[in-house]
Amino acid sequence: MEKKSIDWGNIGFGYMQTDRRYVSFFKDGAWDDGVLTEDANIVLNECAGVLQYAQTIFEGLKAYTTEDGHIVAFRPDLNAERMEASAKRLEMPVFPKERFVEAVTKVVEANAAYVPPYGSGATLYIRPYMFGFNPVIGVKPADVYQFRIFCTPVGPYFKGGVKPLTIRVSDFDRAAPHGTGNIKAGLNYAMSLHAIVTAHEEGYDENMYLDPGTRMKVEETGGANFLFVTGDGKVVTPKSDSILPSITRRSLVHVAKEYLGLEVEEREVYLEEVKDFAECGLCGTAAVISPVGKIVDHGKEICLPSGMTQMGPVTKKLYDTLTGIQMGRIEAPEGWIHVIQ
């Protein structure tokens with residue numbers, strides 16, 4: 001299929017409407033067969049559950065053109081499983097895992113002309129989401145739901161590509177103890193908007209959120225998990241019940257252990273020990289790994305030895321290996337790459 005005439009190397013991380021998206025309704029206790037549609041608009045009643053009580057969840061994954069010319073998606077089965085956990089937590093119907101992967105496949109196939117070419121640095125971002133559709137005025141779950149998937153070609157998440165970021169320790173909490181921090185609910189991200197806007201206004205790229213209980217332990221940023229590297233090359237990732245289980249982080253942990261032979265610890269990480277780490281990165285679907293060069297804790301600067309000019313050596317190896325797997329340059333573990341075309 002001939003690609004769209006797009007300047008692939010210069011697109012940002014933003015929305016570009018593509019040709020088709022997937023829509024399925026849940027009504028009277030069952031999901032319908034679902035369809036692909038050209039209509040990008042949603043018509044809602046003014047009292048729809050999603051508008052009144054924020055009953056909405058979403059996922060994010062990517063499709064790539066590999067070195068040998070195939071179009072693939074990275075571990076969509078895990079996105080389906082995570083969305084199932086989110087749905088159960090918000091009293092929403094589960095969209096079946098097999099249908100989720102099938103719908104992702106259909107959307108990418110229908111928009112293959114928008115999948116950026118290999119080597120362009122761009123990818124096709126895929127956004128599955130679900131929301132309460134029918135009018136709900138009393139505080140309760142909706143009865144009718146819509147599950148949709150759209151996709152959009154995107155460039156790097158952080159402008160300027162892969163360069164070390166400066167982040168701050170936030171005074172805000174992104175999640176409540178025993179709350180919804182471990183699921184991908186829209187309401188979690190709404191809570192982080194003021195914090196990220198003010199961080200940008202003050203010259204920071206992102207926030208470091210601490211645990212909501214003691215505010216002594218590192219949790220995550222508004223849209224990515226943390227990954228640290230010790231001076232002797234050990235990979236450390238924070239562990240908490242209120243952290244979103246990142247598919248990218250889980251994949252990097254496997255890569256660190258099985259491909260690079262590194263020791264990995266998934267444990268509680270205290271803010272006090274961050275100054276002793278050699279490297280720090282933010283990992284997630286959008287950026288894979290973005291290195292962190294400086295963390296500012298209320299005026300006190302924590303400067304990582306890896307510096308502000310490039311990725312640290314271990315972070316770079318992790319990034320190169322995982323992106324190599326995604327792009328087909330390195331053999332992937334079984335089940336990681338879902339071939340679409």
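Annotation for Asp297 and Arg99: the two label points, set 7 Å from Cα along the Cα-Cβ direction, are 4.8 nm apart.
Net length available on complete extension from Ala30 to Asp276 is 83.3 nm, with 0.36 nm assigned per residue and the Cα-Cα distance removed.
The modelled label-to-label distance for the pair Lys257/His194, using points 7 Å beyond Cα in the direction of Cβ, is 4.0 nm. For the chain, the mean residue ellipticity at 222 nm estimated from helices alone is -6500 deg cm²/dmol, where every DSSP H run of n ≥ 4 contributes -39500 (n - 2.57) and the total is divided by all residues, rounded to the nearest 500.
How much of the DSSP beta bridge set in the chain is antiparallel, as a percent to the nearest 5? Expressed as a percentage, antiparallel bridges in the chain total about 85. Charge tally around Tyr129: other residues with Cβ under 10 Å, Lys/Arg +1 each, Asp/Glu -1 each, net +2. Working from the Cα coordinates of the range 248-315, the gyration tensor eigenvalues give, after taking √(5λ), semi-axes of 22, 14, 12 Å in decreasing order. In loop segments of the range 235-341 as defined by DSSP, the trypsin sites (Lys or Arg not before Pro) with at most 16 further C-beta atoms inside 10 Å of their C-beta are Lys239, Arg329. On full extension, the segment bounded by Ala113 and Glu67 gains 14.9 nm, given 0.36 nm per residue less the C-alpha separation. Starting from the Cα of Lys317, draw a straight line to each of the lysines and keep only those under 28 Å, dropping any in the same chain fewer than 8 residues away. Here the lysines satisfying the reach criterion relative to Lys317 are Lys62, Lys159, Lys163, Lys217, Lys234, Lys239, Lys257, Lys275, Lys294.
Note on Gln52 and Arg89: their simple-model spin labels are 2.4 nm apart, each label 7 Å out from Cα toward Cβ.
Laboratory data are not the source of any read-out in this text; all were calculated from the coordinates shown. Remember, it's a predicted structure, so these values are computed and weren't measured experimentally. Here the Cβ is made from the backbone with ideal geometry for all residues, glycine too, and neighbour counts use every protein chain on show.
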